[in-house]
1. First select every other residue whose beta carbon is under 15 angstrom from the beta carbon of Val269; then total the charges, Lys and Arg +1, Asp and Glu -1.
2. Under the classification rounded if a/c is under 1.5, otherwise prolate if a/b is larger than b/c and oblate if not, where does region 154-276 fall, given a ≥ b ≥ c as square roots of the Cα gyration tensor eigenvalues?
3. Report the FRET efficiency, 1/(1 + (r/R0)^6), for Asn187 and Lys140, where r is their Cβ-Cβ distance and R0 is 45 Å, rounded to 0.05.
4. Using a 1.4 Å probe on the protein chains only, how many percent of the accessible area of the chain belongs to carbon and sulfur?
5. With contacts defined as alpha carbon pairs under 8 Å and 6 or more residues apart, what's the relative contact order of region 154-276 in percent?
6. Let me have the 222 nm mean residue ellipticity of the chain computed from DSSP H runs of 4+ only, each contributing -39500 (n - 2.57), with the sum over all residues rounded to the nearest 500.
7. As an exercise, identify the chymotrypsin sites (Phe, Trp or Tyr not before Pro) in region 1-105 lying in DSSP coil whose Cβ has no more than 14 other Cβ atoms within 10 Å.
8. Can you find, among Gln60, Met219, Thr262, the residue farthest towards the positive end of the dipole of the chain? Put +1 on the C-beta of Lys and Arg, -1 on that of Asp and Glu.
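The values are calculated or read from the model by the stated rules, or taken from the named source; none is laboratory data. None of the values given here were measured: they were computed from a predicted structure. Please note: Cβ atoms are built from the backbone with ideal geometry, for glycine as well, and neighbour counts cover all protein chains shown. Just the protein is used for accessible areas: all its heavy atoms, side chains included, with ligands, DNA and RNA removed. Shrake-Rupley method; radii C 1.70, N 1.55, O 1.52, S 1.80 Å.
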Amino acid sequence: MLHLQSPQMLQMLEKSLVKHLPESIKVYGTIFHMNQGNPFKLKALVDKWPDFNTVVVHPQDQEMTDDMDHYTNAYQIFSKDPNNCQEFLEKPYVINWKQHLQIQSAQSSLDEVIQSVAAAKLVKVKKTQCILYMMPMTVKKLVPSLLGTQHLKSETPSIINQEMFKLSSLDVAHAALVNKFWSFGGNERSQRFIERCIRTFPSFCLLGPEKTPVTWILMDYTGELRMGATVPEYRGLGLVSYLSHIQIQTLENVGFPLYCHTAKDHKAVHKISHKLNYVTMPCDWNQWNCMPLRNCL
């Protein structure tokens, strides 16, 4: 096991992960932001170097002090050989299975290994699987083979009432509102995570007549666009499409790899994604929430 610390190693890892997109996207996006200054204080572990098989990225140990905070105790995993990475994942200094944690990956093939290790560690697992999208220009730049015959130009969203809605960014004071509408949130720990994302990464929102956000999209430390929502009274006005279009144009101009996920039954988001010409990935977005059985009693 090796902790990659030097900028040269992390840059080599980023370039290597491009060859394994889209399955490596969660780790690739995380390493990309680590190479932009590592604002979330993460570390990357590999089983060997430079010819690695498995990469695990998670916060530095001093960040993971709350055993119940799976938002912070989060692991991004990519393996070239998912069926043969169990020994690495079993090591206590790779994943702290004594904590409430989450694992994210675009590799459904990791499920059997994760379930097996978790069972051996007496850990309960809840898996969530969603559809994974990547934005067209990110696909063109990183994995052009996935475009096929799909054209890149997305439909320009209708112009909104710019007297009523003002483009802005989220403030930490808005974290409670974001947390209220985030399907994975709704608690104190998730709000702290949202606050940290707002302080660290670019965010976009539209302020309504009351000068408070009516729709928003926020990026997390893996580079994924997440936590987007519109308050109920302003839904159906095309605000998410408009905001997404502006956000993607802005972030693509500074070179960020852009992707997102949505639940398979979330028809409204799928409609927006198709309208903006997001590219559906051949792999899924996966999250495994893991809880030691001692915490389930």
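1. For residues surrounding Val269, the net value is +4.
2. In terms of gyration-tensor shape, rounded.
3. 0.70
4. Of all accessible area on the chain, carbon and sulfur atoms account for 51 percent.
5. 25 percent
6. -8500 deg cm²/dmol
7. Here the sparse-neighbourhood loop sites are Tyr93.
8. Thr262
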